[in-house]
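Asker: First the structure, then my questions, so here it is.
The values are calculated or read from the model by the stated rules, or taken from the named source; none is laboratory data. Because the structure is predicted, anything quoted here is derived from the model rather than measured. With ideal geometry, Cβ positions are generated from the backbone for all residues, glycine too; neighbour counts draw on all protein chains shown.
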Amino acid sequence: MTEQPQRRTTRQRTAIREFLSGAGDFRTAQQIHEQLRAGGDPIGLATVYRTLQTMAEAGDVDMVRTADGESAYRRCTTSGHHHHLVCRSCGRTEEIMAKVVEAWAATIAAEHGFTNVTHDVELYGLCASCGARTVT
């Protein structure tokens, strides 16, 4: 078993972590970059992308794909494995535990002889507020 290398805490990593801690919804690297720059941080876009990728690989942030296929990131409040409901209109996100999904994934994996299976499930729809606005 190999250990993960110790990541040093950089000014950029700290700025991104603090930004995501204050942001409630998933944000793209472009959005994070724009907000940090607007706040006076001279961070580069490539640095934001690399830092987010590293943080996602380490499990420090969750990543989902937007409707456009772009990666979006968020620091979650739920520790451990979970899923998300994401509003396609406003981006509001709810963290959910889904035991039925876990059971289904284990059953399907076993039926096909797979072990050590992981999965990510994100559900996209309209939150109650956005759904109410679209009703005519």
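Asker: Go through (1) in contact with a helix residue (DSSP H, G or I) (Cβ under 7 Å, 6 or more places away or on another chain); (2) closer than 21 Å to D120 by Cβ; (3) not assigned by TED's automatic domain parsing to the domain that holds E95 one by one and return the number of the condition I16 breaks.
Answerer: (2)
Asker: Further question: Could you run through the stretch 33-86 and say how many residues are charged (D, E, K, R) and on the phi > 0 side of the Ramachandran plot?
Answerer: Let us first name the residues in the stretch 33-86 that are charged (D, E, K, R), namely 34, 37, 41, 50, 57, 60, 62, 65, 68, 70, 74-75.
Now narrow it down to the ones that are on the phi > 0 side of the Ramachandran plot: none.
Of the residues in the stretch 33-86, 0 are charged (D, E, K, R) and on the phi > 0 side of the Ramachandran plot.
Asker: Can you work out which of the residues in the stretch 98-136 that are closer than 15 Å to H83 by Cβ and charged (D, E, K, R) is surrounded by the fewest Cβ atoms within 10 Å (Cβ to Cβ)?
Answerer: It comes out as K99.
Asker: Does any residue of the stretch 30-43 turn out to be basic (K, R), touching a residue at least 12 places away in the same chain (Cβ under 8 Å) and surrounded by 12 or more Cβ atoms within 10 Å (Cβ to Cβ)?
Answerer: As a first pass, look at the stretch 30-43 and keep what is basic (K, R): 37.
From what's left, touching a residue at least 12 places away in the same chain (Cβ under 8 Å): none.
Checked against the condition, which is being basic (K, R), touching a residue at least 12 places away in the same chain (Cβ under 8 Å) and surrounded by 12 or more Cβ atoms within 10 Å (Cβ to Cβ), the stretch 30-43 yields no hits at all.
Asker: On to the next question. Against the condition more than 22 Å from S129 (Cα to Cα) and either surrounded by 11 or more Cβ atoms within 10 Å (Cβ to Cβ) or without any contact (Cβ under 8 Å) to a residue 12 or more places away in the chain (or both), how does D60 come out, does it pass?
Answerer: Details: more than 22 Å from S129 (Cα to Cα): yes; either surrounded by 11 or more Cβ atoms within 10 Å (Cβ to Cβ) or without any contact (Cβ under 8 Å) to a residue 12 or more places away in the chain (or both): yes.
Taking the combined requirement at face value, the residue satisfies it.
Asker: In the stretch 118-128, is there at least one residue being part of a helix (DSSP H, G or I), at pLDDT 90 or above and not assigned by TED's automatic domain parsing to the domain that holds R8?
Answerer: yes
Asker: Looking at the stretch 28-44 only, could you name the residues that are touching a helix residue (DSSP H, G or I) at 6+ places or on another chain (Cβ under 7 Å) and closer than 21 Å to C87 by Cβ? Don't jump to the end; show me each part of the working.
Answerer: Restricting attention to the stretch 28-44, the residues satisfying the condition of being touching a helix residue (DSSP H, G or I) at 6+ places or on another chain (Cβ under 7 Å) are 29, 32-33, 35-36, 41, 43.
The answer is A29, I32, Q35.
Asker: Answer yes or no as to whether V117 is in contact with a strand residue (DSSP E or B) (Cβ under 7 Å, 6 or more places away or on another chain) and aliphatic (A, V, I, L, M). So that I can check it myself, show each step before the final result.
Answerer: Values: in contact with a strand residue (DSSP E or B) (Cβ under 7 Å, 6 or more places away or on another chain): no; aliphatic (A, V, I, L, M): yes.
So V117 does not fit the description; no.
Asker: Moving to a separate point now. With respect to I108, determine if the residue is touching a Lys or Arg at 6+ places or on another chain (Cβ under 9 Å) and either assigned to a loop (DSSP other than H, G, I, E, B) or over 27 Å from A128 (Cβ atoms) (or both). Outline the logic, then answer.
Answerer: Working: touching a Lys or Arg at 6+ places or on another chain (Cβ under 9 Å): no; either assigned to a loop (DSSP other than H, G, I, E, B) or over 27 Å from A128 (Cβ atoms) (or both): yes.
Against the criterion (touching a Lys or Arg at 6+ places or on another chain (Cβ under 9 Å) and either assigned to a loop (DSSP other than H, G, I, E, B) or over 27 Å from A128 (Cβ atoms) (or both)), I108 does not qualify.
Asker: Only one residue in R11, R50, R17 is more than 18 Å from the chain's Cα centre (by Cα), surrounded by fewer than 18 Cβ atoms within 10 Å (Cβ to Cβ) and either of a type in the set (K, R) or over 26 Å from T78 (Cβ atoms) (or both), so which one is that? Break it down stepwise before answering.
Answerer: Working: R50 fails: more than 18 Å from the chain's Cα centre (by Cα); R17 fails: more than 18 Å from the chain's Cα centre (by Cα).
Within the list R11, R50, R17, the selection yields R11.
Asker: S71 is checked against (1) among the hydroxyl-bearing types (S, T, Y); (2) closer than 17 Å to G24 by Cα; (3) in contact with a helix residue (DSSP H, G or I) (Cβ under 6 Å, 6 or more places away or on another chain); (4) not assigned by TED's automatic domain parsing to the domain that holds G131 and fails just one. What number does that condition carry?
Answerer: The single condition S71 does not satisfy is (3).
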